[in-house]
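So the structure is just underneath, and the comments pick up after that.
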Amino acid sequence: MFKMLKGLMQGEHPVVLVLSGTERLSAITGLDPQVSRRFTKIRPKPLAFGVDNARIKALVQGYAGKAGLDVALDDDVMNRLIYGSRYRFGRCVVCILEAIECALMDDADALSVQHFEDAWAQREGCGVDDNVFSAVEWQAIELADEGEEVEMRTILRTKAKRKKVS
């Protein structure tokens with residue numbers, strides 16, 4: 001992966017990369033002084049209820065507008081989005097994009113809480129009671145830091161696919 005990143009940043013048409021998400025990416029980019037120098041590492045503050053709601057809502061409206069969708073969401077959904085994203089901006093953006101994808105797959109005219117619920121269920125593999133967008137006591141849902149869990153699921157799926165192909 002490191003060689004691929006470095007290769008993208010060199011040559012006749014170098015690419016500017018935006019990487020988000022894990023401490024591992026920061027460690028990888030720090031392996032080579034040239035690559036490290038080319039990256040600007042930004043660590044946004046954790047999102048906060050009330051403080052970031054308007055900005056997150058504007059982001060949702062902007063992305064939904066680009067997709068041709070109206071938005072039918074209130075501050076409660078923004079709070080659930082912040083919580084479900086584990087207060088991380090990058091995860092919040094991913095959740096928004098996945099919800100928009102669900103809305104587009106449904107041929108919906110507007111992005112609604114149901115689309116966030118569907119996207120969350122797909123990503124987290126959970127039932128209605130454990131879904132931050134549908135549960136009544138959504139703040140009582142314990143959210144594991146999914147980094148290692150998702151990585152393990154991906155590794156296991158990849159190994160299973162390889163066995164089927166072999």
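The values are calculated or read from the model by the stated rules, or taken from the named source; none is laboratory data. No experiment lies behind these values; they were computed from the predicted model shown. Note that we place each Cβ from the backbone using ideal geometry, even for glycine, and neighbour counts take in every protein chain shown.
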Looking at the stretch 29-70, which of its residues are surrounded by fewer than 19 Cβ atoms within 10 Å (Cβ to Cβ) and under 23 Å from Asp106 (Cα atoms)?
-> Lys57, Ala58, Leu59, Gln61, Gly62, Tyr63, Gly65, Lys66, Ala67, Gly68, Asp70
Which one is surrounded by the fewest Cβ atoms within 10 Å (Cβ to Cβ) among residues in the stretch 72-83 that are at pLDDT below 95 and within 20 Å of Leu104 (Cβ to Cβ)?
-> Ala72
Single residue of the stretch 43-65 satisfying the filter (assigned to a helix (DSSP H, G or I) and more than 18 Å from the chain's Cα centre (by Cα)) that is farthest from His115 (Cα to Cα) = Ala54
For the stretch 84-166, please list each of the helices (runs of 4 or more DSSP H) lying entirely inside it that holds at least 1 residues being buried (at least 19 other Cβ atoms within 10 Å of the Cβ) and either at pLDDT 95 or above or not basic (Lys, Arg) (or both).
-> 89-105, 113-124
First in the stretch 69-83 and in a strand (DSSP E or B), second anywhere and surrounded by fewer than 17 Cβ atoms within 10 Å (Cβ to Cβ), Cβ under 7 Å, 6 or more apart | Asp70/Asp109; Asp70/Ala110; Val71/Gln61; Val71/Ala110
